[in-house]
Amino acid sequence: NILNLAVVTEGPDGNIYLKRYNVTHEAGLKVYTFNPDILTNITLEELHGDENCSTDFEQVESRLFIGEWAICNYVNKGRHPMYSLIFTCIHHIAIVPLGVKEARTQMPYYFKRRGDRYSLIQVPDNYVNPCEDYD
């Protein structure tokens, strides 16, 4: 699949949970040329997800999250392998498990966000982006 969407919620334990969906509508989705406007009219029929495939994050301090992201298209001994992830507002560190398509490296993958962020949609009027002044 080319694209995943996620509905993000905060649980009563303060952890962040993502319910992930695969986008099955392929029109306009091409690698390296993503335009978020094409998602404006997406329907639930164009999404599907695996209830046993989870993504969970815990905030360990302000603007710092650690978590696991299940790799839903792989199964090893009846379980989905997991990326181990660390996120800040601009940094993303990923540790790739063995036996998946991404190349395993001796050191974790490191990514740094550059440029503008995608705007959030349908946020409350009183929402304050915690990363607004973090660059």
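Send over the semi-axes of segment 58-115's equivalent ellipsoid, whole angstrom and largest first, taken as the square roots of 5 times the C-alpha gyration tensor eigenvalues.
Taking √(5λ) for each Cα gyration eigenvalue gives 23, 14, 9 Å.
Residue by residue through segment 73-88, which ³J(HN,Hα) values in whole Hz follow from phi under the Karplus form 6.51 cos²θ - 1.76 cosθ + 1.60 (θ = phi - 60°), with glycine and proline marked x?
Karplus-based 3J(HN,Hα) across segment 73-88 equals 8, 10, 9, 10, 6, x, 10, 7, x, 10, 6, 9, 10, 10, 10, 10 Hz.
Which three numbers, in whole Å and largest first, are the semi-axes of the equivalent ellipsoid of segment 4-112 derived from its Cα gyration tensor as √(5λ)?
23, 19, 17
Using the Karplus curve 6.51 cos²θ - 1.76 cosθ + 1.60 with θ = phi - 60°, what ³J(HN,Hα) values do you get for each residue of segment 13-21, in whole Hz, with x for Gly and Pro?
7, x, 7, 9, 10, 10, 9, 9, 10
Values quoted throughout were computed directly from the atomic coordinates according to the rules given, and no laboratory measurement underlies them. This is a predicted model, so every value here is computed, not measured.
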